[in-house]
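Colleague: Have a look at the structure that comes next, please.
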Amino acid sequence: MKKCKQLLCCLLSMLLLAGCSAGAAEPDPEAAESSTQYMDAMDTFMTLTAYGSNRDDALNAAVEEIQRLEALWSVGSEDSEVSQLNREGTAVLSEDTAALVERALEIYDSTGGAFDITVYPLMELWGFTTQDYQVPEASDLQAALALVGADRVTYDSSTSTVTLGEGQSIDLGGIAKGYTSQRIMELFEEMGVTSAMVSLGGNIQCLGTKPDGSLWRVGIQDPVGSEGAIVAVIEVEDQAVITSGSYERYFTDEATGETYHHIIDPATGYPADSGLISVTIVTDDGALGDALSTALFIMGLEEGTAYWQAHSDEFQAVFITTDSEIYVTAGLEDSVTADAGYTLLT
């Protein structure tokens, strides 16, 4: 079962809430022209918008790049690199897959295991990979948990060879869209685009400012409000805004009426029960933002805040608790507006 993605909210915030910054330069008529591509890929709906004279070629190149990366990483395709690795247990990886795995392992270490690409057996067990949802038996859960732990994955950077632990399998879905949005920004820049926005589900990444010089305004969905409601707006330039929430994908057990969401805690095998319902990461590194939105959701507010305090030069964050309280890290004090107000974390 799925609730409305942040996609619609972010688009609404950018299109309806966007206004010109004070003193913004008059837009160049050609630079202000935009084109948009829509596509389904990586299990989500994507919107790509670019401005300027070379926008159509850039968008076509971006679509091809997304399709190429999806073919490398999709666990639903038997021919993907990730599926082949999961079958064989070891593989020499292509440049992009090697870079993504290496980054994922670094973030695993940094977050103390909160972000873990070997959680795939648990996702399968709960049915989040097939939408055949079920609450696992305790014995099955323990068996799957025994396969989780990226500390058993070895990566040789000199040969781009990765080897999984016995019986392990991986899924890069928790970091792939962030890496992809980052790659699209690089591609746009290479092709002369100076203003663009991509929305890959809950992953928003912006290039530069809007053509008129004003900042992009990205909305954060209200996790408990009506569909399409926005609880806060963030103004950004050249940054990614990536949200993970328990309301995105979930199911309700018919026997008990209990709801289970898709953000699995690799330490317990159950959906994370951290007191949070949404985490948004703001950063100039899409892959990092994608992984940390999951990791900090699992950590919870206190541990997530401590992690931010130790890495505040890399990202900022917005936390929403299960009682709808909003907490914003200090680096976003001048960038976030919320009608209900928020608590500033320092």
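The values are calculated or read from the model by the stated rules, or taken from the named source; none is laboratory data. Bear in mind the structure is a predicted one, so any value in this text is a computation, not a measurement. Using ideal geometry, Cβ is built from the backbone for each residue, glycine included, and neighbour counts are taken over all protein chains shown. Ligands, DNA and RNA are excluded from the accessible area calculation, which covers all protein heavy atoms including side chains. Shrake-Rupley method; radii C 1.70, N 1.55, O 1.52, S 1.80 Å.
Colleague: Skip the ligands, DNA and RNA, and give the accessible area per residue of the chain with a 1.4 Å probe, whole Å².
Modeller: Values: 14900 Å² over 346 residues.
Accessible area per residue: 43 Å².
Colleague: Can you tell me the dipole magnitude for the stretch 237-346 around its Cα centre, using point charges on the Cβ only (Lys, Arg +1; Asp, Glu -1), in Debye to the nearest 20?
Modeller: Numbers: 1 positive and 20 negative charges, 36 e Å.
I would put it at about 180 debye.
Colleague: To the nearest 0.05, how large is the calculated FRET efficiency for Ser94 and Thr130 if R₀ is 22 Å and r is the Cβ-Cβ distance? Don't skip to the answer; put the middle values down first.
Modeller: Details: r = 27 Å, r/R0 = 1.21.
Here the calculated transfer efficiency is 0.25.
Colleague: Shape of the stretch 172-226 from its Cα gyration tensor (a ≥ b ≥ c, root eigenvalues): rounded if a/c is under 1.5, otherwise prolate when a/b > b/c, or oblate? Don't skip to the answer; put the middle values down first.
Modeller: Details: a/c = 4.19, a/b = 1.25, b/c = 3.35.
Verdict is oblate for the stretch 172-226.
Colleague: Next up: Probe radius 1.4 Å, ligands and nucleic acids ignored: give me the carbon and sulfur share of the accessible area of the stretch 207-346 as a rounded percent.
Modeller: Exposed carbon and sulfur together represent 41 percent of the surface.
Colleague: Taking +1 at the Cβ of each Lys and Arg and -1 at the Cβ of each Asp and Glu, which of Gln239, Thr209, Gly192 sits farthest along the dipole of the stretch 175-312 towards its positive end, judged by Cα position relative to the Cα centre?
Modeller: The Cα lying farthest towards the positive end belongs to Gly192.
Colleague: Helix 173-190: angle to the longest alpha-carbon principal axis of the chain, degrees 0 to 90, nearest 10?
Modeller: Rounded to the nearest ten degrees, it is 30.
Colleague: In degrees between 0 and 90, to the nearest 10, how far off the longest principal axis of the chain does helix 6-16 point, with axes built from Cα atoms?
Modeller: 0 degrees
Colleague: Which order do Asp284, Asp339, Asp334 take when ranked by solvent-accessible area (1.4 Å probe, heavy atoms of all protein chains), largest first?
Modeller: Asp339, Asp334, Asp284
Colleague: Something else about it: With n ≥ 4 as the cut-off for DSSP H runs, can you work out [θ] at 222 nm for the chain, using -39500 (n - 2.57) per run divided by the number of residues, rounded to the nearest 500? Intermediate results must be reported in sequence, preceding the final value.
Modeller: On the way: 9 runs with 111 residues, N = 346.
Mean residue ellipticity at 222 nm (helix-derived): -10000 deg cm²/dmol.
Colleague: Based only on Cα atoms, what Rg/Rh ratio does the chain have, Rh being taken as Kirkwood's radius? List each step's numbers first, then the result.
Modeller: Working: Rg = 19.8 Å, Rh = 20.6 Å.
Ratio of gyration radius to Kirkwood radius for the chain: 0.96.
Colleague: Sorted by packing (mean other beta-carbon atoms within 10 Å per residue), highest first, where do 171-181, 232-242, 101-111 land? Intermediate values should be presented prior to the final figure.
Modeller: Details: 171-181: 25.9, 232-242: 23.0, 101-111: 19.3.
Ranked by mean Cβ neighbours within 10 Å, highest first: 171-181, 232-242, 101-111.
Colleague: Contour minus end-to-end for Glu303 and Glu189, with contour as 0.36 nm per residue of separation and end-to-end as the Cα-Cα distance?
Modeller: Working: separation 114, 0.36 × 114 = 41.04 nm, distance 3.63 nm.
Separation in residues times 0.36 nm, less the Cα-Cα distance, equals 37.4 nm.
Colleague: Could you sort Phe188, Phe45 by their accessible area in this structure, using a 1.4 Å probe and putting the largest first?
Modeller: Working: Phe188 0, Phe45 85 Å².
Per-residue accessible area, sorted high to low, gives Phe45, Phe188.
Colleague: Roughly how far apart, in whole Å, are the Cα centres of the stretch 48-75 and the stretch 220-238?
Modeller: Rounded to whole Å, the Cα centres lie 26 Å apart.
Colleague: Quick one: putting +1 on the C-beta of Lys and Arg, -1 on the C-beta of Asp and Glu, what dipole do you get for the chain around its Cα centre, in Debye to the nearest 20?
Modeller: Working: 13 positive and 56 negative charges, 92 e Å.
With only Lys, Arg, Asp and Glu charged at Cβ, the dipole is about 440 debye.
Colleague: What order do Met299, Met191 take when sorted by accessible area (1.4 Å probe), most exposed first?
Modeller: Working: Met299 25, Met191 55 Å².
Accessible-area ranking of Met299, Met191, largest first: Met191, Met299.
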